[in-house]
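Quick notes on the structure that follows.
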Amino acid sequence: MTKQELSEIKKLLTPKNCSITRICGCYVDGEKNKKTQFGQAFLALPEEEMFKYFEILRKALSGTLGKNLLNLEFPLSSEWMGDAAADMDAENAPGVDESLSPEANALNAHGLLLKLRDSKLKDESLVEEYFNRIIENYEYVGNYLILVVHDVYDVPGKTSDGIDMEDASDEIYEYILSCICPVELSKPGLSYNPEENAFQNRVRDWVVSLPDTGFLFPAFNDRGADIHSLLYYSKNPEELQEGFVDQLFGCPLPLSAGDQKETFQTLIEDTLGEDCGIQVVKNIHERFAELAEEHKEAPEPVVLDKNEVKTILADSGVADEKLSDFDRHYDETAGESTSLLMNNIMDTRAFEVKTPDIVIKVKPDRTDLIETRKIDGRECLVIELDGSVVVNGITVRTIDKNGTEVEV
């Protein structure tokens, strides 16, 4: 999904545009026991509750694509098993077959999600199985609320210049949106009791927090339903719950944003070896900044495969003899078929030089102010003082190029 497609679905989660048909929920305690379940027409909710659910659901579609919002694709084998499950009767389709391997049972996930969507959340046995799958595989210490809603979106057509044509629908997008929210005790404190006209110890309630995890199925790709993929949300991009995703969806996860950055840094260090100096890293950073500028209007994150990363290094002045072993380093560090997102591996909005004792941050377009020199036999970092210099809020004096002391 692109930013524009994500924004289009988020606009549905408002009182003005809402077309959600049904909402179901299951409250689970820290021992994985179901405390309560519910299911009802969404528009029958009191207005105040509806607004709170909108806030929760919109949060499950918020964040950065490629970081905590991930486009996941179902393996073909998973979809095949899902189709087979769809041909079974309702009692057997969603259940776990103990005669199958854990991997085979995970492949039933696609069929379960399809049946859940197509049932419009009205099949209680399917909803029950869905909740059971989550409770069995979701790792969380504490209470949480599972929510899932069903919606049918009459997708409007668009003119050539991108204007919606409300009376010209291209297709119907039917989907489910689900999220898992921590339920925590409110903080202790004092509150005003109007009946007693006094401040008293506040009653602590169990409060539903914004979601830690969520997903949209099917994905809204090319402004239509793509049953071969889903959009997965994780509040913490470094804790993606790989086991949970594997069991609930059967989809492989990409490297987390942090792992991608660490992988790229290791790749550069291994490829350049002793030639990994400040100048070449500056060159690589500048090349990424150029790419970011070229793609600043792109609707999707820039994805780089092995050959594209190699080209960036070559354009940055890395010697051919160093690049001769690049493919081997890439395969060992990242994996032959692994792609990296540019925004995850390089922050083009900042340039930082760090030693054990100092940290220097430079505007990305002024990296020319930093160089290295040998002074008295020691490798030194030299920073040109160009313009005013302020230390702890105090303007200090420096020496100009002619050796004259000046106040800057």
Let me confirm something: among LEU121, LEU177, which residue is aliphatic (A, V, I, L, M), at pLDDT 95 or above and outside any strand (DSSP E or B)? LEU121
Residue hits (segment 52-89; over 29 Å from PRO301 (Cα atoms) and at pLDDT below 95) are TRP80, MET81, GLY82, ASP83, ALA84, ALA85, ALA86, ASP87, MET88, ASP89
Collect the residues in segment 335-371 that are in contact (Cβ under 8 Å) with a residue 24 or more places away in the chain, within 17 Å of ILE284 (Cα to Cα) and surrounded by fewer than 13 Cβ atoms within 10 Å (Cβ to Cβ), keeping them in residue-number order. ASP365
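Quickly run through segment 317-332 and pick out the residues that are among the hydroxyl-bearing types (Ser, Thr, Tyr) and modelled with pLDDT under 90.
Once the filter is applied, which keeps residues that are among the hydroxyl-bearing types (Ser, Thr, Tyr) and modelled with pLDDT under 90, segment 317-332 yields only SER324.
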On the given criteria, is ASP222 among the charged types (D, E, K, R), closer than 20 Å to MET1 by Cβ and exposed (fewer than 13 other Cβ atoms within 10 Å of the Cβ)? yes
In segment 384-407, anything at pLDDT below 75, farther than 17 Å from LEU369 by Cα and not small (Gly, Ala, Ser) is listed as ARG397, ASN402, THR404, GLU405, VAL406, GLU407
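The values are calculated or read from the model by the stated rules, or taken from the named source; none is laboratory data. Since this is a predicted model, take the numbers as computed values, not measurements. Cβ atoms come from the backbone with ideal geometry, glycine included; neighbour counts cover every protein chain shown.
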